[in-house]
1. Normalized C-alpha radius of gyration of segment A:11-77, against 2.2 N^0.38 Å?
2. For the protein assembly as shown, what is the accessible area per residue in Å² when the probe is 1.4 Å?
3. Ignoring ligands, DNA and RNA, what percent of the accessible area of segment B:154-201 is carbon or sulfur (1.4 Å)?
4. Placing a label point 7 Å from Cα toward Cβ, how far apart in nm is residue B:178 from its equivalents in the other copies, listed shortest first to one decimal?
5. Tell me the label-point distance for the pair residue A:194, residue A:121, using the 7 Å Cα-to-Cβ offset, in nm and rounded to one decimal.
6. What share of all Cα pairs of chain A, in percent, falls into each consecutive 10 Å distance bin?
7. Given labels modelled 7 Å from the Cα in the Cβ direction, how far is it in nm from residue A:130 to residue B:67?
8. So how far, in whole Å, is the C-alpha centre of segment A:155-209 from the one of segment B:90-115?
2 protein chains.
Amino acid sequence: MDESVPQKGTVTQRAIEQIKAMIGEGRLEPGQRLPTERDLATQLGISRSSMREAIRALTVLGVLEARHGSGIYVTQLEAGDLLETFGVVADLSRGPRLVELLEVRRVLESTATALAAARITPEQLAEVEKHLEAMNATEDPEEILFHDLAFHRAIVAAAGNETMAAILEGLSSRTFRARVWRGYQEEGAFERTRREHARIHRALADHDPEAARAAAAAHVGEVEAWLRGQVEEHGWTTTNGTRP
Amino acid sequence: MDESVPQKGTVTQRAIEQIKAMIGEGRLEPGQRLPTERDLATQLGISRSSMREAIRALTVLGVLEARHGSGIYVTQLEAGDLLETFGVVADLSRGPRLVELLEVRRVLESTATALAAARITPEQLAEVEKHLEAMNATEDPEEILFHDLAFHRAIVAAAGNETMAAILEGLSSRTFRARVWRGYQEEGAFERTRREHARIHRALADHDPEAARAAAAAHVGEVEAWLRGQVEEHGWTTTNGTRP
DNA sequence: TCGGGAATGTGGTCAGACCACCATGACGGT
DNA sequence: ACCGTCATGGTGGTCTGACCACATTCCCGA
């Protein structure tokens, strides 16, 4: 077919760019099914192996989705699809960068919480309260962590910015939170966490953005300050410890 | 080798997780060279093709780097490496999500600018001024865009949070800015942009974080408001238009 | 009419070959 | 003795063709 494209980088890289361009130009709509790997490879004049690598790359980026036995599809290209890789960053970061990530989270989450305070509906507030109460009603760390995540997720969702929500989701992903939370909560921070959550909830119920922003910033800031201390004290790396 | 891992998802996916785990557990250090594709494939008991797909996936994520004829290496795992994919999001987003991205940028950049005002050194300030003057000294849109990017990049760098800088880099990537900027500047916003930049610079020189935050937020907010109007008016999609 | 199974098409995996590139070191000229 | 040159081996990059696993479709028989 179009042999117009000359040598430029590796063959696979070229294929990645071409498919990305097709989507950018609107020639491929979200949800649409692509030609088969074999056809695509023929069209671009490359082998199926190289085409598969290109598809794999775009799959990882959350742009394409391959369904075994069915075909290759363009994702909905929503924030959640494209920002899923953000979680990997949190998983592989350690030491000083963990603090930086928490600083980003503090900035974004305090803003999101402020927005939520202004816009939250009674239904959304009920969802928040559900997880708040569930969190206070149990002592099981696993369950607490689950409802803690859901609590913040519900708030961020009420802010109405899906992109921001997707980023924060990556910054609060289960493994990331678990790593930091474990050490933090060991120091008897449960009670403080409960107070901070209550303050956030009150600000939301009062529709008070400024109070909500301050409460959220303080909440994340507490963890951030603790982690900063840990990193400075011992050169903490916080790898995914292989617990024996 | 370790045939202990049973069937779980696709073979390639398993390989991706295993390599990611090796890095997470510290068995692979940043900058370290990995075994050859052939050896890795043998070790994990899979074919070279599948292993190559796994490597491609981790390459896209910014975790690995393959050098033709030399070998496969673990990247430095710095924020820039891992967040490079963030630019793809900006490239493929359109319509309402563009506004959301700009909102995220406003939040992060205003914070970064405030931090910079508090910490910036004379050398860093000189760098900022260099681009500010260069930007005001030309009429070539390409050059203006270049120095505009460099202006903000220098400020964000002075904030001292590499993770935040990497995210903002993705949100200001050349293609993203070009798409929005083109339309924005067509409406004679040059003069306003100059005033806003001057205000940001003065706040930095005065080491006044609050003024810096306000100026940066207003600056991005201007573009954001304009874009929001565009999206609401015509159902603007802002694809990479194939200009005929 | 409807249930089930075969046929087909798809992505997933494998094997082996060859090419392009890089690093190293042996070699020969100076 | 020094240094540039080039041969060589090893590495990632690409291609081919085959087979497997899964989803969908469709047709046939109950």
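1. Segment A:11-77 yields a ratio of 0.98.
2. 47 Å²
3. Ligands and nucleic acids excluded, carbon and sulfur give 52 percent.
4. Those label-point separations list as 4.3 nm.
5. 3.2 nm
6. 7, 26, 25, 19, 15, 7, 1
7. The two pseudo-label positions are separated by 5.4 nm.
8. One Cα centre to the other: 21 Å.
The values are calculated or read from the model by the stated rules, or taken from the named source; none is laboratory data. Nothing here was measured: the structure is a model prediction, and the numbers come from that model. As a convention, Cβ positions derive from the backbone with ideal geometry for all residues, glycine included, and neighbour counts pool all protein chains shown. We work out accessible area using only protein heavy atoms, side chains counted, and drop any ligands, DNA or RNA first. Shrake-Rupley method; radii C 1.70, N 1.55, O 1.52, S 1.80 Å.
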